[in-house]
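A short write-up of the structure that comes next.
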Amino acid sequence: MDNLLSWLIFIPFAGALLVGLLPDSKSLLMKIVALVATCIQLVLGLLLFVQFDGSVAPESWSEAFQFVELVPWIQLKVGTIGFLQIDYFLGVDGISMPLVVLSALLLVIGVISSWNLTQKVKGYFMLYLVLSGSLIGCFVALDFFLFYVFFEFMLLPMFFLIGIWGGPRRSYASIKFFLYTLFGSLLILVVMIGLYLSTGSFDEFGNQVNTFSLVQMMDGRFIDSTLLAPGSGFYLWGESLRYWAFVLLFIGFIIKLPAIPFHTWLPDAHVEAPTAISVLLAGVLLKVGGYGLFRICYAIFPDIAIELAQPVAILGMISIVYGGMVAMAQNDVKKLIAYSSVSHMGFVLLGLAALTSEGVAGALFQMVSHGFISGALFLVVGVIYDRTHDRQIEGLSGLAGKMPKYTFFVVLFFFASLGLPGLSGFVGELLVLIGAIGAESTNGLFSRWIGMVSVLGIIISAGYYLWTLQRMFFGKYWTKESAWDAKMLDLTPREWLMLLPLAVLTLLFGVFPSLLLDPIENTMQFFVESLLNQGQTYLNL
Amino acid sequence: MLADQLQDILGSLSALSFEIGLLAGALLLLILGMLVKSRIAFKIAYVVVLIAGLLLIRFEDNGLMLFNENLAIDDLGAILKALLVFAGIWIVFFPTSENHGSEFYFLILSVIVGSSFMLSANNLLVIYLVVELTSFASYTLTNFNFEKKSYEAGIKYLLFGGVSSALALYGASILYGYSGTLTLSEFNFGLLENDYFLNVGMLLFVGGLLFKVSIVPFHIWVPSTYEATPTEAVTILSIVPKIAGLVLLNRVLDSLDMMGQSWLLLSITILGIATIGIGTLGALRQTNVKRMIAYGAIAHSGFLLAAVLIPYQNGLQAFVWYSVVYSIMNIVVFYLISIFESKGITEVHQFAGLSSKEAYLGGVVVVVMIALIGLPPTAGFTIKFYLFTMMWEWYQAVGDPWMLTYLLVAVVSVVFSLFFYLKVPYFLFLKDGQNQNYSRSSISQRAIATIFTLLVLWLFFSPEILNNIANNINFLDW
């Protein structure tokens, strides 16, 4: 199928338009439109997974992408600088492909999970579909400008989705979310301007043509003696401008990821967001941050990535351990999962910092598997919340006897999240730790103890998950308010429909990790090699 | 000799057909006001005058000196005159503009004429005269709501304006004393650059202009004036004199030869940074929508000033981009304010829960506010992006750390501006409130708002048209 990626982006936009045109009373029809649009997205996503050719071993980034679409969009003559070229440039490689498929899946599940919505249905599904399109757009855009547009375009729907359909403190949480992420994205904007003014080529008339193409930036087609060209000799406060550009990008993306100390918006947003939005937030939106680190921060600034490997790894380690410890102190299950997300995203930082093929592949695997697992965990909490409108751990006890099927899923996902072998969470974390501990002997970027301390994170996560299980699900059956008793029924068919696919995938990727690791292997290999080579070259300039 | 001068005057008059046309139209409008009492007739006459003026605008690729170099016309001026007229036309659609007599439109036309002269003034005294022409009309417009508040604002505006124009006049006299000429393009202070008294003169004269374009610390009149003035007049005040004043400022700075490294240029740069900062921070605490937008407009002045400070073609191109989109955004935001004002809604909290009755217009408000913040996919993002590009380029060219600071402050201010611009959508959609008596906006109102909103979106997706305009202007170095 031609233009597969464009279809993936624009089908939800078309769906949003369609929902907007329906009269207010037809709420069921709106839900069906949303479901159909996201289902088509899922089918296309699976098609992408199947058709993706993992055997391509690229020599440069310009060869690494498949399903490429390139249409010139804007060409401007900018003052005396030259020309500015913005393209509608899409493509996927081993980094973005799994994330696209993951998003497509979670988007469908999100629609199913919001099926019982009764309030302002039209606005909800319009925003939801706009969000879906922009999310996919973010992962497949290969033009920095296009990426940035999609990146910002996610904020507004998310702001309203949390702010209108959220919990009691929704307005606080939504503003906080918006401010944090907008701050991050403006840091990215500054670097984007610098990068495009530093990247490009000359056309046949000798005019300078500046481009936003991420591929050219990753391949290092910098214009000599511009501010962000390697070895250009521009310094600010004792460090090169490339160093500061990396730092700005890094902060911009770890706000989204999120990592300590920029994580505080996440618990608030998660607690207040409706279940489906929590699923998307944890499952997909956080991955945009990780993806940005891979694609932009690391691939374009490999020299600084090498220079700063140790601090980044330490930051990852702190996120892992601190996030886990804070999670243990939580009484609200959603908050607990939010902090555990911080902890698990720390593994992404750690694996990426290691720049070994295990570490990097592990980081990507961790992102995908965390997408399934955290999405599922929020759904699981949603099940309780739907019944009781309360999420306190103390409020319930001994649910295992009353809701055995539900408890089965809870146990499965808790164990997956704490890294039980055989489930997908284990693979990612194991690979990351192998990579991190091995970094000292392979490329010597940072010392062993960082990885070793990070192992603690797994133990801590076992601590809080098992403790939660014990308090809520085992022991004598008890509910805080007697009115809840009647509502404590086991899973409905709709809930089965949401949880089962995620459970199967968690198991599948846990037992056969090669399903995911094989197609991305070549890209990961190339990512690591080119980063280390390029980085050394740039550093020697 | 005399014959030559007469020839010059006669030849020059024909080049001023736009200004003369508008002036004649303004006078006719006053006479019409004595004969007819129909409000609609005034509006129609006003629009006819503006459109006639639009047709009279003259483009001169290579520029033309008029009246013994007292005035000069060029492409940039012509384009911006068209923009001023365009901004002027839309105010007749404002729902709050129902009760104005012919004198109101006369004054608006005076502001537009004064501002178009500002675009061509090349002589210190002419500058003084046309700035006063614009200002006097503006002072009077401020009082047209005939309330206690508007008198207060009018007096405030008048006092500030009077003092700053007196100081500017003093500054002009110093400049004249040093140079021996009133003509800007003949200034040559190259050797005297560090003379203390000359610098004072420059500062005073430039200060008078900074007052017109609401740069900190000359911005104090802005919020209360915007709040008390009829919304359609605010639209004009926030666009027309500001754009003209900044072009004039650019020319004055150019001719004072301060584009080199002088402390005066540095202090204006710092004032620009302060303008963005104070405009943004001041808006945070506002509860009245017009005051809030007024502070936002102050911040926008800081952005426009950055474009003025970047020398040569690059800065002016960014300026053209910014001013076109800024005008469109301001027209639509004040149009929306006017719609809500006509239903008695002026405070932010009054918007609470309106989305249940006004969901569509609420959506339009969101897009417009997003544009004012400067987020994609709106042209508000494009212009900020373009401006930041030019600032980065200038920083790369000369390595001036203040330009980098300017850029960073401008970027950070966007985060803060999110906070206040989003207040209205926030109350509209996120808060619950009682609006029993609220009557929905009419279809025509929604249609006009939609047209402008689509324009803001369209200019994001295909900015080529703006780029063509900006690139076809032959920027002249006077």
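Side notes on the structure shown:
- The alpha-carbon atoms of segment B:1-84 define a convex hull whose volume equals 98 cubic angstrom per residue.
- Database remark: amide H of B:Lys431 closer than 5 angstrom to the amide H of B:Gly353 (H placed geometrically; neighbours at sequence offset of 5 or more, or on other chains; Pro and chain starts carry no H).
- Working from Cα pairs under 8 Å separated by at least six residues, relative contact order for chain A is 15 percent.
- Percent breakdown of C-alpha pair distances by 10 Å bin, ordered from the shortest bin, for chain A: 4, 19, 30, 27, 14, 5, 1, 0, 0
- Cα-based convex hull, segment B:158-251, per residue volume (Å³, whole number): 97
- Cut-off of 10 Å, at most 14 other beta carbons, DSSP loop: longest stretch of chain A lacking such GluC sites (Glu not before Pro): A:205-480
- Shape category assigned to segment A:229-371 from the gyration tensor of Cα positions, a/c cut at 1.5: prolate
- Cα convex hull of segment A:1-156, projected area averaged across orientations, nm²: 10.9
- Compactness index (Cα Rg / 2.2 N^0.38 Å), segment A:308-532: 1.08
- Whether segment A:400-447 is rounded, prolate or oblate, judged on the alpha carbon gyration tensor where a/c under 1.5 counts as rounded: prolate
- Shielding of B:394-407 by partner chains, average beta-carbon count, 10 Å: 2
- For segment A:462-533, chymotrypsin sites (Phe, Trp or Tyr not before Pro) meeting the loop criterion (DSSP other than H, G, I, E, B) and having at most 16 other Cβ atoms within 10 Å: A:Phe474, A:Tyr477.
- Measuring nothing but alpha carbons in segment A:328-400 and taking Rh as the Kirkwood radius, the Rg to Rh ratio lands at 1.12.
- The relative contact order of segment B:266-478, computed from alpha carbon pairs under 8 Å that lie at least 6 residues apart in sequence, is 30 percent.
- The coefficient of translational diffusion for segment B:421-478, derived via Stokes-Einstein from the alpha carbon Kirkwood radius under 10 °C and 1.306 mPa s, stands at 102 µm²/s.
- Across chain B, Cα pairs under 8 Å and at least six residues apart give a relative contact order of 15 percent.
- Kirkwood radius for the protein assembly as shown, taken over all pairs of different Cα atoms as the inverse mean of 1/r, rounds to 30.5 Å.
- Selection of chymotrypsin sites (Phe, Trp or Tyr not before Pro), segment B:144-227, meeting DSSP coil and at most 15 other Cβ within 10 Å: B:Phe146
- Whole-percent pair-distance distribution, where bins are 10 Å wide, for the alpha carbons of segment A:452-513: 16, 24, 41, 17, 3
- Semi-axis lengths (Å, descending) of the ellipsoid that matches the C-alpha gyration tensor of segment B:376-415: 20, 12, 4
- For chain B, the longest principal axis of the Cα atoms and the long axis of helix B:443-461 meet at an angle of about 50 degrees.
- Taking all pairs of distinct alpha-carbon atoms in segment A:84-139, Kirkwood radius in angstrom: 13.0
- Gain in span if fully extended, A:Leu500 to A:Ser482, counting 0.36 nm per residue against the direct Cα distance: 3.5 nm
- Taking all C-alpha pairs of segment A:258-339, those more than 14 Å from each other amount to 69 percent.
- Along chain B, the exposed loop sites are GluC sites (Glu not before Pro) outside DSSP states H, G, I, E and B with at most 11 other Cβ atoms within 10 Å, and the longest stretch free of them is B:148-478.
- The calculated pair-distance distribution of segment B:266-478 uses every alpha carbon pair, bins of 10 angstrom beginning at 0, and gives 8, 33, 33, 17, 7, 1 percent.
- Ranking B:Ser185, A:Ser417 from most to least accessible surface, computed with a 1.4 Å probe over the protein chains only, gives B:Ser185, A:Ser417.
- Rounded to whole Å, the principal axis extents of the Cα atoms in segment B:1-158 read 54, 33, 28, largest first.
- Site-free segments of chain B were taken between trypsin sites (Lys or Arg not before Pro) in DSSP loops having at most 11 other Cβ atoms within 10 Å, sites themselves excluded; the longest one is B:38-284.
- Over 20 Å (Cα to Cα) - which of A:Lys31/A:Lys402; A:Lys176/A:Lys335; B:Lys43/B:Lys357; B:Lys357/B:Lys431 fall in this group: A:Lys31/A:Lys402; B:Lys43/B:Lys357
- Kirkwood Rh in Å, taken over all unlike Cα pairs in chain B: 22.7
- From helices alone, chain A scores -22500 deg cm²/dmol at 222 nm; the rule is -39500 (n - 2.57) for each run of n ≥ 4 DSSP H residues, then divide by the residue total.
The values are calculated or read from the model by the stated rules, or taken from the named source; none is laboratory data. Quantities reported herein were computed from a predicted structural model and do not represent experimental measurements. Ideal geometry is used to build each Cβ from the backbone, glycine not excepted, and the neighbour counts take in all protein chains shown. Note: accessible area is taken over every heavy atom of the protein model, side chains too, but ligands, DNA and RNA are not part of it. Shrake-Rupley method; radii C 1.70, N 1.55, O 1.52, S 1.80 Å.
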